[in-house]
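Contents: one structure, followed by commentary.
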């Protein structure tokens, strides 16, 4: 329905001097789609109000509504070229009137769509330098509609594809994209329920929140109006520090059916975890926090375990902000399980003593395209100490990559075995009492590996090298004698 429209928009942006990357394409498409979505939403709400015998008050004043500035129509319902702005007139209006007007909505209540309008347009700017090209894009977007379920479904699907392409486009884009098959698997194992509060403190493009919403709505035959209200307003919460990711995350959730996403634009790690109270906690946490060292001492002061590793600070935050009895599925570097530095050992101790780390999924290299690190997924519940951990090592008969990504079939055995924590060639359990109590090393060491040659010790390797060295010297001497 809309696939060709998206391609046409990308082709136009590709020729505009203000947009140079896939990241720009997604950002610029996002703000235009958002304003078209908002116009459709307002018209739907107006119709609903009229049917109820009520008067509807528009969010935007007349001059800034889509049908007045973007695509004014004549009596035949076609674009009125006499009223439609174009070229420099259009860019001047967008840059000097529209964006400043929309920024002012940031003064509204945070959990409203008005506030989201203000946040979005405070964080970005129009990069489309040609007003004529902007006019072409507006005309294309005007043909898209957000009213029917079928239309929303296709738009959300295409938008997800754009986010994926953005992730494949380069290092920065990849920060916002976690493979959807992995997210769906994590959500399935954590198994959130309607009424739970679901949180991602590093939500990026909101993939975890979107898939949790899909899981909750698809698992129900019919949702009541109160259940839908709960899903819309009191279920999904997120935080994101980067402006582009924040905008994409909001747009992604809106396109998937959540009108006013509860996503805050902020640095999660700037919050002192000692200030977190019971009212701030969540039932479910789903997240893939950013990896990397270099967090300054000022931020580290907000955490009892001081470390420059971003993901380790996030893990402390997640443990603290999870409710007692709450469930979590967190992606983290596999080195977390075995690092011997004080921070890593202390963090493992904190997790094992405060939570039941019941499952560890060990992912192969290449699961995250371009990431260059191996990862594991930690599944835990807060409030009970860990006594036994079930490990599953995902072994595939192919190398993962851009043309051969991770899929849900790859993870099907894990999901099936995890229900009963069953042993297999790829899964096993360990008792916490049997590990080194000083280092708390949780390395993934599969005791069920078959047909693998035992690795030689360093001493054996050195001995063999010396033997070969002696043989080579002897051969050279023999050759010299012949010569």
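The values are calculated or read from the model by the stated rules, or taken from the named source; none is laboratory data. Values in this document were obtained by computation on a predicted structure and should not be read as measured data. Glycine gets a Cβ as well: all are built from the backbone with ideal geometry, and neighbour counts include every protein chain shown.
Summary table below
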| read-out | value |
| --- | --- |
| Residues of the stretch 379-408 satisfying the condition of being part of a strand (DSSP E or B) and in contact with a helix residue (DSSP H, G or I) (Cβ under 9 Å, 6 or more places away or on another chain) | 379, 380, 382, 388, 389, 390, 392 |
| Hey, residue 396 in the same structural domain as residue 319 (by TED's automatic domain parsing) and either surrounded by 19 or more Cβ atoms within 10 Å (Cβ to Cβ) or closer than 16 Å to residue 328 by Cβ (or both) or not | no |
| Residue 352 more than 23 Å from the chain's Cα centre (by Cα) and either surrounded by 20 or more Cβ atoms within 10 Å (Cβ to Cβ) or farther than 20 Å from residue 438 by Cα (or both) | no |
| Hits in the stretch 409-419 (condition: in contact (Cβ under 8 Å) with a residue 12 or more places away in the chain and in a helix (DSSP H, G or I)) | 413, 414, 415, 417, 418 |
| Residue list for the stretch 274-302, filter: farther than 27 Å from residue 213 by Cα and in contact (Cβ under 8 Å) with a residue 40 or more places away in the chain | none |
| Unmet criterion (only one of (1) surrounded by 21 or more Cβ atoms within 10 Å (Cβ to Cβ); (2) under 24 Å from residue 446 (Cα atoms); (3) touching a helix residue (DSSP H, G or I) at 6+ places or on another chain (Cβ under 7 Å)) for residue 333 | (1) |
| Subset of the stretch 8-56 that is on the phi < 0 side of the Ramachandran plot, surrounded by fewer than 13 Cβ atoms within 10 Å (Cβ to Cβ) and part of a loop (DSSP other than H, G, I, E, B) - its residue that is nearest to the chain's Cα centre (by Cα) | 20 |
| Qualifying residue in the stretch 216-225 (condition: assigned to a helix (DSSP H, G or I), surrounded by 22 or more Cβ atoms within 10 Å (Cβ to Cβ) and not assigned by TED's automatic domain parsing to the domain that holds residue 118) | yes |
| Answer residue from the stretch 245-296, given it is part of a loop (DSSP other than H, G, I, E, B) and in contact with a strand residue (DSSP E or B) (Cβ under 6 Å, 6 or more places away or on another chain) and is surrounded by the most Cβ atoms within 10 Å (Cβ to Cβ) among those | 288 |
